[in-house]
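What follows is calculated from the coordinates using simple rules that are stated; it is not laboratory data. These figures come from a predicted structure and were not determined experimentally. Note that each Cβ is placed from the backbone with ideal geometry, even for glycine, and that neighbours are counted across all protein chains shown.
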Amino acid sequence: MSRYGECACCGRLGELTGRGLVRPCHRRFREAGVLDEWPTEWELVEEDVAMVLATGASHRVTAVRCGTTPRQVLRILARWRLRVVDGDGPVPEVQGPVRAVRGEAA
Ligand SMILES: [Zn+2]
């Protein structure tokens, strides 16, 4: 999945190759062997989804605003619920998302 945006490293606008980085930055960090220090595309999408859901948007609206699919948003929500059950680390605000999903089922 390629998207356009601001490079996480230098702030230049362009096509983001991966991990929120434009091609020159992505290559520089890969060659230096420290690409792992930048979040993956999935982690970036998850971060965006958390922010949009926190505004009370439904999972469908969230998907459109984050450039992903409603199914991916539901997957992210499922993962967060697992974290709640497992008590594994910080959990994003889930009030909005849970309400949105229940609304969907009703
Ligand atoms: Zn950069």
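Residues checked against (1) in a helix (DSSP H, G or I); (2) within 15 Å of the ligand (Cβ to nearest atom):
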| residue | (1), (2) |
| --- | --- |
| 4 | no, yes |
| 11 | no, yes |
| 16 | no, yes |
| 24 | yes, yes |
| 28 | yes, yes |
| 36 | yes, no |
| 44 | yes, yes |
| 49 | yes, no |
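Contact list please: Cβ distance under 7 Å, first residue in segment 31-55 and in contact (Cβ under 8 Å) with a residue 40 or more places away in the chain, second residue of a type in the set (S, T, N, Q) and surrounded by 14 or more Cβ atoms within 10 Å (Cβ to Cβ), pairs at least six apart or on different chains.
Close Cβ pairs satisfying both conditions: 53/62.
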